[in-house]
Amino acid sequence: MSAATILVVKLAALGDFALAFGPFAAIRAHHPNARITLLTTPPYAALARRAPWFDAVWDDGRPPARDVLGLLRLARRLRTARFDRVYDLQTSSRSSRYRLLVGPRAEWSGIARGASHPHANPQRDLMHTAERQREQLEMAGITQFPAPDLSWLDADLSALNLPERFALLVPGAAPTRPGKRWPVARFAELAAGLALPVAILGGKGEAGLAAAICAASPTALDLTGRTDFAMIAALARRAAFAVGNDTGPMHLIAACGCRCLTLFGDDSDPALCAPRGSSVATLRHSPLSDLPVAEVQAALLP
């Protein structure tokens, strides 16, 4: 008898992807001999291919709306794979429609109409992502949830010339949601008042934020645009603590066990989407721009 074929759907984003590490591990533990394929998008494919949970990673899970040929290719790929079961961890309208592309033979865990194993909780949208996905998997028959081993997610940091002790700052967030950003001047004031140097994480587009912090704290190290996901994980394991906005890298940092303080305003609710890890705290202030530096400093005390 051939091994079962399993499809896991998780398209985006980084924070949600990090929160899915536990469900990924649980699915693999429940189906140890299955061939498990992850359907995702290009930003997360390399990360997923390093993980021990998947036998294959497809990165064509979200063709643009006008890419009719791309959608047809995905439809053909999904149908011909003849999956036995699908775990839709994206549970969006898009991913639910993929049930039609996979075909009726596959069992389906998710919220798609006609799913064999629906997440039948009308309050699911009021649950934190971690609890929501765990309950979804429980309703599909998964009862064991081992802590995900992230030892595979590491990198050589020797080229960064890091100090022996340092903290991480993550001053960016989605540019389309400015309410999720604590003002960079506050980050700069925080950095200047710390007893240890900081390393600043972010994309290339956040170099200006790093420059403002470095101007206030000459020992700060600008790492914007210089780190991939594995390097962020490696930095998290070596940092004394991390402070940042509600943004994807903070979820990855938290998952790797770093002591984290994540700052929230009105644009997102920590009860629904706070990072999860062994040492995670949150501060919420309305508006976030008015959160005093002293309150953040107090929250960082041992």
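Laboratory data are not the source of any read-out in this text; all were calculated from the coordinates shown. Quantities reported herein were computed from a predicted structural model and do not represent experimental measurements. Using ideal geometry, Cβ is built from the backbone for each residue, glycine included, and neighbour counts are taken over all protein chains shown.
Going by the alpha-carbon gyration tensor, a ≥ b ≥ c the square roots of its eigenvalues, is the stretch 28-85 rounded (a/c under 1.5) or, if a/c is not under 1.5, prolate (a/b greater than b/c) versus oblate?
Details: a/c = 3.56, a/b = 1.50, b/c = 2.37.
The shape class here is oblate.
Take Trp108, Trp58 and order them by how many other Cβ atoms sit within 10 Å, fewest up front.
Fewest-to-most Cβ neighbours within 10 Å comes out as Trp58, Trp108.
In terms of the ratio Rg/(2.2 N^0.38 Å) built on C-alpha atoms, what value belongs to the stretch 175-243? Mind dumping the intermediate values first?
Numbers: Rg = 11.9 Å, N = 69, 2.2 N^0.38 = 11.0 Å.
Compactness ratio reported: 1.09.
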Whole-number percent relative contact order across the chain, with pairs defined as alpha carbons under 8 Å at least 6 apart: 16 percent
query: For the stretch 158-299, what's the radius of gyration and Dmax over Cα atoms, in angstrom?
result: 13.5, 40
- prompt: Where the centre of each part is set by its Cα atoms, how far does the stretch 81-112 sit from the stretch 243-260, in angstrom?
  reply: 30 Å
statement: Any trypsin sites (Lys or Arg not before Pro) in the stretch 34-117 that lie in a DSSP loop and have at most 14 other Cβ atoms within 10 Å would be Arg66, Arg82, Arg105, Arg113
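With charges set only on the Cβ (+1 for Lys and Arg, -1 for Asp and Glu), what does the dipole of the stretch 5-139 come to about its Cα centre, in debye to the nearest 20? Display every interim value, and only then the final one.
On the way: 21 positive and 12 negative charges, 105 e Å.
That gives the stretch 5-139 a dipole magnitude of about 500 debye.
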message: Counting each pair of different Cα atoms once, what's the Kirkwood radius of the stretch 143-208 in Å, rounded to one decimal?
response: 14.9 Å
- request: With mean projected area of the Cα convex hull in nm² defined as stated, name the option among (i) 16.5; (ii) 17.9; (iii) 19.1 computed from the structure displayed.
  value: (i)
Helical contribution to [θ] at 222 nm, DSSP H n ≥ 4, -39,500 (n - 2.57), averaged over the chain, rounded to 500: -10000 deg cm²/dmol
